[in-house]
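The values are calculated or read from the model by the stated rules, or taken from the named source; none is laboratory data. Note that this is a predicted model, so its numbers are computed, not measured. Counting neighbours? That spans all protein chains shown, and the Cβs are built from the backbone with ideal geometry, glycine included. Each accessible area value is taken on the protein alone, full model and side chains, heavy atoms only, with ligands, DNA and RNA left out. Shrake-Rupley method; radii C 1.70, N 1.55, O 1.52, S 1.80 Å.
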Amino acid sequence: MTQGRLILSETGRIVMAAIFALAVTLVIIFFASKTPWATFETFVTSPLSSKRTIGIWIDDSVKLALAGLAFSLVFQARQFALGVQGQVYIGGLFATLVAFSPLGTTWIALPAGILAAMIGGAVIGFIPGYAKSKLGANEIVSSLMLNYIAYDVCNYVLRVYLASLESGLTTSASFPPQSIYPAFIPRTRVDFGIVVALATTLVVWFLLYRTAWGLKLRLTGHNARFAAYSGIRSSFIMVSAMTAAGAIGGLLGAVFVQGTAYGKLSIGFEAGMAFEGILITIVARNRPLAIPFVALGYGYLRQGAALMNYRADVPAEVIGIVQGIVILLVASSFTVPGKAMLARLMGNRTAASRATS
Amino acid sequence: MNEIIATILSATFVAAVIRTTTPILFASLGGLLSDLVGSLNVALEGIMLIGALTAVIVSAHAPWYIGVLAGLAAGGLLGAVMALFHLRFKADIILVGFAINIIAAGGTVTVLTYATGGDKGTSINIPSKAVPALDLSFLGNIPAIGPFLREVLSGHSYLTWLAAFMVYAIWYFLYRTPEGLRFRAVGEYPPAAEAAGIAPNRLRTYGLIASGCLAGLGGAQLAMFSFVGFTRDMTAGRGFIALGAVLLGRRHPIGTMIAAVLFGFFEALSIALPGILKWMPGELIHTIPFVVTVLALMLSSRRKVTA
């Protein structure tokens, strides 16, 4: 397949996924809302209703893209490490510690905070990888357990060392201004996070498609046995992929706390967003360059659902149902029935049976 | 330290362990059945959550056992959906499982909002019922150990006894019936099973449905005993811990039970500790079951690693 055809077919897939998402949402709204059409209109149009909501949409998309990139690295290697949430909390915590250290008021505050967050996240990513390669511990369970542990540790440090009566017991004080991203458009959440997300996208793409490490990683993911026969040390690839993904998860934590949306550490600041990276990377078929677009599209729906919660009678949590159903549909290669039908119309029996099998 | 040991050895603590183990045991037995036929069920967490909410809502309008059955049925249905997407539509089982978890997290809150008329946190205004406790206080009449037995065994949910029976039933099924042999064969080496005329996908479907039913029961127990009602994310990782118990239990019902009791023990400990170790921060006590699960997996896993 040429580059152009590939882009076209992938775009088609993403558009199909979006149509699925809208259709599923419409069905749910019809069940749930007393005024379904008005609610659906709110869902579809409200993210564009003001400068502020557009800003939130962009900011959410930045975070979703980073979460998707973190998952894409491990999924490309067919490792189901699901520890992005924990990495976000530890990354956010480390970035916070840097912000409140003497460094926090200097020009080096942002890079130092990001670096600390990435190291913290990388450690959290490394643990399940190492445990799997050296001890045979299943990475799914150990990474999920680390999510809970990281969440509790972050809350502990926040409650005991960072929160105060003035700041409110569930948040830290605001970061010094040098530790908060500059806003590109005043009084919106459109800030330096965009640069971070785009740069990370390019770096991940480069690592996966332009380095020997990336080739080995993708080979391991496609066919672990073939990779092993050709002399690739799959355990090294496994651990390094999980560690690198952990660094991105940590980076996302820094983007959360250093961004203009927060500019401080709060309990549960991630609000379940890390797991939404699974949807992003599945729809983008783990291709880094597609991830920002998918994130923008899904971020829009997500923002629509949140506003629907305030302006109509359907709770924002319906987005979870939409999300899950879209993952189910996309993961089960939803083009297959259409292909089979097309083949049957063309009178090609064997192709039809192959497509359905 | 002595205080902790005294607590652990007390009859009330043993009874607490039995209570905390029950939901995990149900879910991990379910996980065992699907793992045996080759599909790791990562959706235990979400299925428990949906089972719990279904049981709560149905039990508000029906007797408690109908509520429990509804939780079981909801779980079985989800297992069937997983089988459909995984076996028929060839989606990866881990992704299918996680999609179910995501649907459960959002879907239960959505349904709860409508069921309570706007409350997104708890089902406090739904008059849901509890599973009755089985009264075995006559055990106290046995000389010497009687009072201890009564403290430990009396007053547990009917479902606790069902869970214990299920360990035996699943063992009997797997090791004493022809269908159980086929079940194990599919998990060990699918091509051999296929050559012997066993359709792996049929058994995988049964495995996933059974696993959903058991996880649904676990959810029902969680929401209908000791704490009655549903709260947002009330499973709080128990389904994932149960998955850990499956991996730890060496694909055997007894092993799975031992692992489930181990995790139940640490959960009970994390509930009891704040009263004893007042200096220890609650957040860190709360991590105990998760830390233990990771450590147990690291120290015990001897499975061959494939990338």
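Looking for something closer than 26 Å to B:TYR168 by Cα, in a helix (DSSP H, G or I) and either open to solvent by less than 50 Å² (accessible area, probe 1.4 Å) or acidic (Asp, Glu) (or both) - is there at least one such residue anywhere in segment B:268-283? Yes, because at least one residue in segment B:268-283 is closer than 26 Å to B:TYR168 by Cα, in a helix (DSSP H, G or I) and either open to solvent by less than 50 Å² (accessible area, probe 1.4 Å) or acidic (Asp, Glu) (or both). Check whether at least one residue in segment B:114-129 is open to solvent by 50 Å² or more (accessible area, probe 1.4 Å), more than 14 Å from chain A (Cβ to nearest Cβ), touching a helix residue (DSSP H, G or I) at 6+ places or on another chain (Cβ under 6 Å) and under 29 Å from B:TYR158 (Cα atoms), and report yes or no. There is at least one residue in segment B:114-129 that is open to solvent by 50 Å² or more (accessible area, probe 1.4 Å), more than 14 Å from chain A (Cβ to nearest Cβ), touching a helix residue (DSSP H, G or I) at 6+ places or on another chain (Cβ under 6 Å) and under 29 Å from B:TYR158 (Cα atoms).
Evaluated against (1) within 14 Å of chain A (Cβ to nearest Cβ); (2) open to solvent by 50 Å² or more (accessible area, probe 1.4 Å), B:VAL261 falls short on exactly one condition, (1). With respect to B:ALA185, determine if the residue is open to solvent by less than 50 Å² (accessible area, probe 1.4 Å) and without any contact (Cβ under 8 Å) to a residue 12 or more places away in the chain. Judged against the criteria, B:ALA185 is not a match.
Here is a list of conditions, (1) more than 11 Å from chain B (Cβ to nearest Cβ); (2) over 30 Å from B:ARG250 (Cβ atoms); (3) open to solvent by less than 10 Å² (accessible area, probe 1.4 Å), and A:LEU158 meets all of them except one; can you say which number that is? (1) is the only condition that A:LEU158 fails. Do we find a residue being free of Cβ contacts under 8 Å to residues at least 24 places away in the same chain, open to solvent by 10 Å² or more (accessible area, probe 1.4 Å), assigned by TED's automatic domain parsing to the domain that holds A:PRO102 and over 26 Å from A:THR260 (Cα atoms) anywhere in segment A:136-148? The answer is yes; a qualifying residue exists.
Restricted to segment A:163-201, and to residues there that are among the hydroxyl-bearing types (Ser, Thr, Tyr) and touching a strand residue (DSSP E or B) at 6+ places or on another chain (Cβ under 9 Å), the residue that is most open to solvent (accessible area, probe 1.4 Å) is A:THR170. Among the conditions (1) assigned to a helix (DSSP H, G or I); (2) over 28 Å from A:VAL322 (Cβ atoms), A:LYS264 misses just one, which is (1).
Please indicate, with yes or no, whether at least one residue in segment A:55-69 is open to solvent by 40 Å² or more (accessible area, probe 1.4 Å), facing another protein chain (nearest Cβ under 9 Å) and part of a helix (DSSP H, G or I). No, segment A:55-69 contains no residue that is open to solvent by 40 Å² or more (accessible area, probe 1.4 Å), facing another protein chain (nearest Cβ under 9 Å) and part of a helix (DSSP H, G or I).
Contact map, segment B:1-18: residues that are within 25 Å of B:SER157 (Cα to Cα) paired with residues that are open to solvent by 20 Å² or more (accessible area, probe 1.4 Å) and charged (D, E, K, R), Cβ distance under 7 Å, separation 6+ or inter-chain. Pairs shown: B:ALA11/B:GLU151; B:THR12/B:GLU151; B:ALA15/B:GLU151.
Looking at A:LEU207, A:LEU219, can you tell me which residue is assigned by TED's automatic domain parsing to the domain that holds A:MET118, in contact (Cβ under 8 Å) with a residue 24 or more places away in the chain and either out of contact with any Cys (no Cβ under 7 Å at 6 or more places or on another chain) or buried (at least 18 other Cβ atoms within 10 Å of the Cβ) (or both)?
Of the residues listed, the single one that is assigned by TED's automatic domain parsing to the domain that holds A:MET118, in contact (Cβ under 8 Å) with a residue 24 or more places away in the chain and either out of contact with any Cys (no Cβ under 7 Å at 6 or more places or on another chain) or buried (at least 18 other Cβ atoms within 10 Å of the Cβ) (or both) is A:LEU207.
B:SER39 fulfils the conditions (1) touching a residue at least 40 places away in the same chain (Cβ under 8 Å); (2) among the polar types (S, T, N, Q); (3) over 20 Å from B:ARG238 (Cα atoms) except for a single criterion, (3).
Each row is one residue, and each column tells you yes or no for (1) over 24 Å from A:ALA173 (Cβ atoms); (2) within 14 Å of another protein chain (Cβ to nearest Cβ).
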position	(1), (2)
A:ILE90	no, yes
A:LEU93	no, yes
A:VAL98	no, no
A:SER101	no, no
A:THR106	no, no
A:PRO111	no, no
A:GLY129	yes, yes
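The set of residues from segment B:199-214 being farther than 20 Å from B:LEU159 by Cα, open to solvent by less than 10 Å² (accessible area, probe 1.4 Å) and not aliphatic (A, V, I, L, M) comprises just one member, B:GLY207. Can you find a residue in segment B:275-285 that is over 20 Å from B:SER28 (Cα atoms), more than 9 Å from chain A (Cβ to nearest Cβ) and small (Gly, Ala, Ser)? Scanning segment B:275-285, I find at least one residue that is over 20 Å from B:SER28 (Cα atoms), more than 9 Å from chain A (Cβ to nearest Cβ) and small (Gly, Ala, Ser), so the answer is yes.
One residue stands out in segment A:224-240 among those that are within 10 Å of another protein chain (Cβ to nearest Cβ) and open to solvent by less than 80 Å² (accessible area, probe 1.4 Å): the one that is nearest to the chain's Cα centre (by Cα), namely A:MET238.
Applying the criterion of being open to solvent by 40 Å² or more (accessible area, probe 1.4 Å) and of a type in the set (D, E, K, R) to the residues of segment A:1-43, the residue that is nearest to B:THR113 (Cα to Cα) is A:LYS34.
Checking every residue in segment A:167-186 against the condition of being in contact with a Phe, Trp or Tyr (Cβ under 7 Å, 6 or more places away or on another chain) and not in a helix (DSSP H, G or I) gives at least one match. With respect to the conditions (1) facing chain A (nearest Cβ under 10 Å); (2) open to solvent by less than 20 Å² (accessible area, probe 1.4 Å); (3) more than 16 Å from B:LEU49 (Cα to Cα); (4) among the aliphatic types (A, V, I, L, M), B:VAL109 lacks only one, and its number is (3). Of the residues making up segment A:295-323, those that are open to solvent by less than 10 Å² (accessible area, probe 1.4 Å) and closer than 18 Å to A:LEU252 by Cα are A:ALA295, A:GLY299.
Kindly indicate whether any position in segment B:163-176 is away from every other protein chain (no Cβ under 14 Å), over 30 Å from B:ASP35 (Cβ atoms) and surrounded by fewer than 22 Cβ atoms within 10 Å (Cβ to Cβ). Checked segment B:163-176: no residue is away from every other protein chain (no Cβ under 14 Å), over 30 Å from B:ASP35 (Cβ atoms) and surrounded by fewer than 22 Cβ atoms within 10 Å (Cβ to Cβ). Condition (residue is more than 14 Å from every other protein chain (Cβ to nearest Cβ), crowded, with 23+ Cβ neighbours inside 10 Å and at pLDDT below 95) applied to segment B:91-100: is it met by at least one residue? No: zero hits. A:THR35 meets all of the listed conditions (1) more than 14 Å from chain B (Cβ to nearest Cβ); (2) closer than 24 Å to A:LEU289 by Cβ but one, namely (2).
When each of B:LEU243, B:LEU297, B:LEU222, B:LEU217 is tested for being facing chain A (nearest Cβ under 9 Å), within 16 Å of the chain's Cα centre (by Cα) and buried (at least 19 other Cβ atoms within 10 Å of the Cβ), the lone residue that passes is B:LEU243. If the condition is being touching a Gly at 6+ places or on another chain (Cβ under 7 Å) and of a type in the set (Lys, Arg), then segment A:50-80 contributes only A:ARG78. The residue list A:ARG5, A:ARG13, A:ARG52, A:ARG78 contains one member that is at pLDDT below 95 and on the phi > 0 side of the Ramachandran plot, which is A:ARG78.
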